[in-house]
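The structure under discussion appears below in the form of structure tokens.
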Amino acid sequence: MSVVAEGPVQPTLRRLREFGIRPERDLGQNFLADSNILGVIERAAELDPEDVVLEVGGGVGVLSERLAETAGHVHVVEIDRRLEQALADATDGHRNVTVHWGDAMTLDLAALDPAPQKVVANLPYGIAAGLLLRTIEELPSVRAWVAMAQREVGERLAAAPATPAYGTPSVLAQLACEVRVLRAIPRTVFVPVPNVDAVLVGMRRRPGAAGACLQGADGRALRALVNGAFSHRRKTLAGSLALSGAAPGVPRERVRAALLELGQPSDARAERLAPEQFRVLAELLAA
């Protein structure tokens with residue numbers, strides 16, 4: 001007589017049932033329940049035994065345990081203590097995993113030891129864009145990212161100038177990194193099924209000074225300039241900077257002259273400038 005196994009065998013579904021977990025939509029909890037997609041993420045990350053990985057949103061640990069099998073060390077950040085037993089079930093057998101309980105947007109990521117070199121995660125939807133930008137700016141040791149995010153966020157990060165999705169996140173991410181949408185991910189691979197589709201985003205830090213351009217005092221000034229430039233999208237760039245106060249003491253005439261030096265019309269809006277032109281604009285205005 002054949003024996004039929006009881007219950008789901010997929011790790012996400014098993015742990016949700018075994019530990020009585022009800023996903024919290026307020027925390028952006030959409031757990032990945034497709035092992036094939038886990039393999040896609042793992043291959044895209046190109047991990048080796050020397051890699052130190054940061055995973056934000058460990059959930060019930062299905063990605064965490066896969067990363068731990070290849071990477072040298074995995075830092076898992078999770079905010080929801082209700083998942084403690086499920087995450088322990090996934091990671092207790094891996095001595096190279098450290099679980100950090102807290103909010104990834106306020107946790108001192110720079111204090112992680114050893115320092116992360118890659119970010120690989122199924123990101124909570126509510127913090128995806130902010131978390132990626134924060135790690136670009138605050139973790140200079142990170143050289144590559146492979147992250148699941150809602151489609152809108154991924155497309156915005158990779159957007160080209162003069163397109164509707166192009167804005168502050170596009171410029172900041174692309175200044176420091178090469179950004180690509182690696183593939184579309186259907187919403188049906190998550191539990192619960194979210195209201196939006198997802199994409200897998202790949203980013204690789206640019207070499208040298210370009211990859212570090214958002215760090216330090218000059219980086220703060222550049223980030224402020226970009227934020228100010230897009231804060232009033234219907235205004236000219238000169239007008240938006242004046243209204244936002246992002247370029248204090250810089251008259252509109254000087255901004256218009258700098259735009260002409262960049263080969264742009266003096267009345268150009270922020271969306272016309274390529275990411276690298278924002279860096280040059282910041283240098284011209286600071287001179």
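The values are calculated or read from the model by the stated rules, or taken from the named source; none is laboratory data. Owing to the predicted nature of the structure, the values given are computational and were not obtained by experimental measurement. So basically every Cβ, Gly included, is an ideal-geometry build from the backbone, and we count neighbours across all protein chains shown. Quick note on the areas: whole protein, heavy atoms, side chains included, nothing else; ligands and nucleic acids left out. Shrake-Rupley method; radii C 1.70, N 1.55, O 1.52, S 1.80 Å.
List of remarks:
- Residues satisfying the criterion are present in segment 174-182 (criterion: touching a residue at least 24 places away in the same chain (Cβ under 8 Å), open to solvent by less than 20 Å² (accessible area, probe 1.4 Å) and in a helix (DSSP H, G or I)).
- The set of residues from segment 237-256 being over 29 Å from the mean Cα position of the chain (by Cα) and surrounded by 20 or more Cβ atoms within 10 Å (Cβ to Cβ) comprises Ala238, Val255.
- Qualifying residue in segment 211-230 (condition: assigned to a strand (DSSP E or B), within 30 Å of Gly39 (Cβ to Cβ) and open to solvent by less than 60 Å² (accessible area, probe 1.4 Å)): no
- Any hit, segment 157-166, residues being of a type in the set (Val, Ile, Thr) and in a loop (DSSP other than H, G, I, E, B): yes
- Applying a threshold of 9 Å to beta carbon distances and a minimum spacing of six or more residues, or different chains, the list of pairs starting in segment 200-229 at a residue that is under 26 Å from Val250 (Cα atoms) and ending at one that is among the aromatic types (Phe, Trp, Tyr) reads Leu222/Phe278; Leu225/Phe278; Val226/Phe278; Ala229/Phe278.
- For Ala121, the requirement of being open to solvent by 10 Å² or more (accessible area, probe 1.4 Å), farther than 28 Å from Ala221 by Cα and assigned to a strand (DSSP E or B) is not met.
- Segment 155-173, subset among the aliphatic types (A, V, I, L, M) and open to solvent by 20 Å² or more (accessible area, probe 1.4 Å), residue nearest to Leu131 (Cα to Cα): Ala158
- From the list Glu84, Glu55, the lone residue that is free of Cβ contacts under 8 Å to residues at least 24 places away in the same chain, closer than 21 Å to Tyr125 by Cα and among the acidic types (Asp, Glu) is Glu84.
- Residue identified as in a helix (DSSP H, G or I) and either touching a Ser or Thr at 6+ places or on another chain (Cβ under 7 Å) or among the β-branched types (Val, Ile, Thr) (or both) among Ile37, Ile21: Ile37
- Residues of segment 60-88 classified as open to solvent by 70 Å² or more (accessible area, probe 1.4 Å) and either closer than 17 Å to Val146 by Cα or of a type outside the set (A, V, I, L, M, F, W, C) (or both), total: 5
- Screening Arg151, Arg220, Arg233, Arg156 for residues that are touching a strand residue (DSSP E or B) at 6+ places or on another chain (Cβ under 8 Å) and among the basic types (Lys, Arg) leaves exactly one candidate, Arg151.
- Yes/no for Glu152 being in a strand (DSSP E or B), open to solvent by 50 Å² or more (accessible area, probe 1.4 Å) and in contact (Cβ under 8 Å) with a residue 24 or more places away in the chain: no
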